[in-house]
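One structure below.
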Amino acid sequence: MYQVTTSHLGPDGRRTNAASEALDRGDIRAAELTALLDAFVEIDPADNELYDPHVIVTGLGAKLIIRTSRGRLQVYDVRNHAAPAVEMTVAGILQRLDRVETTSPFAQAEELPAPTAPHRGIAFAMLALGLILNGYILYSVFYVESVNKKVEVKLLTDADEIKAKEATLAGSYATGAKTGDRVIEIDASGQVRFYEIGAKGPINDSKDTYRIGRHDGLLCVTTADSGVIDLVGDTLVYYKDVYQRRRPSP
């Protein structure tokens with residue numbers, strides 16, 4: 001079973017629905033997901049460009065955003081925001097959703113032969129520690145480069161579409177509700193606010209201006225000084241952190 005949410009997509013998957021910002025389709029089987037994606041590639045190209053319909057699917061091994069272009073499926077990995085879109089078939093998407101990648105430290109250890117002498121075990125441990133440290137340094141370097149890499153944003157130009165997107169985006173988003181969690185507030189007049197939840201109120205408070213555009217098929221907010229914020233479904237992704245929309249208190 002796969003948990004599926006669609007955005008700006010009609011019930012049959014072949015037509016856009018401007019009023020359906022996000023529709024939770026619940027858990028569906030592989031055959032149903034296959035039928036939905038087969039229909040999705042037949043969507044009208046003009047409506048596809050205007051409304052940016054997409055499908056968000058969560059499986060055992062991955063959470064994917066799926067868009068379509070020229071009758072093909074373009075797939076983004078939600079858990080690897082820096083990775084570009086990959087063109088995939090429906091069968092390939094199902095395999096990716098089902099593939100569980102283990103990071104257990106015991107998996108590799110079970111494949112290694114038992115050491116024949118204590119000093120060999122110590123040498124192996126020191127070698128492994130050195131490899132881990134070198135890997136962490138390389139990861140840190142490439143992580144910073146990927147976060148700081150400037151993306152090419154194509155700004156929206158249609159006034160009605162801009163106004164509609166600003167109204168849709170307006171709201172408060174947060175990484176959580178505890179002290180230390182971060183908040184992004186977007187209003188419908190081109191202003192965005194960033195702050196951190198402190199024990200006695202907001203801290204590290206700053207404001208910026210924004211414009212709406214797209215990059216790599218993603219709707220985004222590009223700010224004057226604070227970088228690019230991506231819209232993924234009903235959440236924001238900012239420097240690889242996910243901000244959930246905060247619901248008003250009842």
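The values are calculated or read from the model by the stated rules, or taken from the named source; none is laboratory data. Computed from a predicted model, the values in this text were never measured in an experiment. Here Cβ is always computed from backbone atoms with ideal geometry, including for glycine, and neighbour counts include all displayed protein chains.
If I ask for residues that are part of a helix (DSSP H, G or I) and within 20 Å of the chain's Cα centre (by Cα), which ones from segment 167-199 would you list? Steps first, answer last, please.
Narrowing segment 167-199 to residues part of a helix (DSSP H, G or I): 167-169.
Result: THR168, LEU169.
Here LYS207 does not fit the description of being assigned by TED's automatic domain parsing to the domain that holds LYS178, more than 18 Å from ASP187 (Cβ to Cβ), surrounded by fewer than 16 Cβ atoms within 10 Å (Cβ to Cβ) and not aliphatic (A, V, I, L, M). Pick from segment 72-94 the residues that are surrounded by fewer than 18 Cβ atoms within 10 Å (Cβ to Cβ) and part of a strand (DSSP E or B): which of them is modelled with the lowest pLDDT? Selected residue: ASP77.
Can you give me the number of residues within segment 204-218 that are of a type outside the set (Asp, Glu) and modelled with pLDDT of 90 or more? Residues flagged as of a type outside the set (Asp, Glu) and modelled with pLDDT of 90 or more within segment 204-218 amount to 8.
Every residue, every condition in (1) more than 20 Å from ASP234 (Cβ to Cβ); (2) under 12 Å from the mean Cα position of the chain (by Cα); (3) modelled with pLDDT of 90 or more, yes or no:
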residue: THR34; (1), (2), (3): yes, no, yes
residue: PHE40; (1), (2), (3): no, no, yes
residue: PRO45; (1), (2), (3): yes, no, no
residue: GLU49; (1), (2), (3): yes, no, no
residue: ARG70; (1), (2), (3): yes, no, no
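Taken together, the criteria exclude GLY13 from residues that are of a type in the set (Gly, Ala, Ser), assigned to a loop (DSSP other than H, G, I, E, B), under 14 Å from LEU97 (Cβ atoms) and out of contact with any His (no Cβ under 6 Å at 6 or more places or on another chain).
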